[in-house]
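Notes for the one structure printed next.
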Amino acid sequence: MTTDYYDLAALADNLFAVSDDDEEKLAGLLDELDAGVRRELLSSDLLNAYQVFYYYFRETPDELVQDRLLLHAASDLRRGLLIEEYDIYEVILAVEDDRPVIVVTDGDEETARFSGRSAYRDVMAYLGTEA
C-alpha cells in the first residue's frame, strides 16, 4: 500500500498540529495510525530522524544526539546515521525491516548490534553509559 504523497503530507501536518510538536504526543498519535500508513511516515521525508528515534525508543537522548537527529529526515535512517561517538566507537542508528537497529563499530568492524525497542538502552549499557 502506498499513500498519495499529498495525503501523507496533510496527515503529517495534522499530526504536528494536534501534538503541538510534543514528541510524546506525536508518538501516541503515530501508535493510533494504520500500520502501513505509520510505516510510510516513519520512513519518509515528512518526519525527522529524532521523531522516529523517539517513536521507537520513547527516550530523550542527550542534546548532541538530539541535534544530530533533528538535522536529518526519517528517510535517512534507511542507510544509517552516526548518532554518538564513545572513545574509539561510533554508534549508528538505522531502521531495517521497520525495526530500529543500533550498530556499534570501531570504524572498521561492527562490534555489536542491538535491535528493537530496547536497543538504545542496550547500547548504552554495552558502552557503560546511562541512557
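The values are calculated or read from the model by the stated rules, or taken from the named source; none is laboratory data. Quantities reported herein were computed from a predicted structural model and do not represent experimental measurements. So basically every Cβ, Gly included, is an ideal-geometry build from the backbone, and we count neighbours across all protein chains shown. Accessible surface areas use protein heavy atoms only, side chains included; no ligands, DNA or RNA. Shrake-Rupley method; radii C 1.70, N 1.55, O 1.52, S 1.80 Å.
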Yes or no: the stretch 42-65 includes at least one residue that is without any contact (Cβ under 8 Å) to a residue 12 or more places away in the chain and more than 16 Å from TYR120 (Cβ to Cβ).
no
Of all residues in the stretch 4-21 being surrounded by fewer than 17 Cβ atoms within 10 Å (Cβ to Cβ) and hydroxyl-bearing (Ser, Thr, Tyr), the one that is farthest from ARG117 (Cα to Cα):
TYR6
Which condition number in (1) assigned to a strand (DSSP E or B); (2) farther than 13 Å from ALA49 by Cβ is the one that ARG117 fails?
(1)
Considering residues of the stretch 37-77 that are farther than 19 Å from ALA9 by Cβ and of a type in the set (Val, Ile, Thr) only, the residue most open to solvent (accessible area, probe 1.4 Å)
THR60
Can you tell me which of (1) touching a Gly at 6+ places or on another chain (Cβ under 9 Å); (2) at pLDDT 95 or above; (3) aromatic (Phe, Trp, Tyr) is the one TYR86 doesn't meet?
(2)
Give ASP21, ASP13 a once-over and let me know the one that is modelled with pLDDT under 95 and not small (Gly, Ala, Ser).
ASP21
Among the residues of the stretch 15-32, are any assigned to a loop (DSSP other than H, G, I, E, B) and in contact (Cβ under 8 Å) with a residue 24 or more places away in the chain?
no
Failed item in (1) out of contact with any Pro (no Cβ under 7 Å at 6 or more places or on another chain); (2) part of a helix (DSSP H, G or I), with TYR56 passing the rest:
(1)
Do the conditions hold for GLU85, that is, is it closer than 30 Å to GLY107 by Cα, open to solvent by 30 Å² or more (accessible area, probe 1.4 Å), outside any helix (DSSP H, G or I) and not β-branched (Val, Ile, Thr)?
yes
Counting only residues that are within 19 Å of ARG99 (Cβ to Cβ) and in contact with a helix residue (DSSP H, G or I) (Cβ under 7 Å, 6 or more places away or on another chain), which one in the stretch 22-36 is surrounded by the most Cβ atoms within 10 Å (Cβ to Cβ)?
LEU30
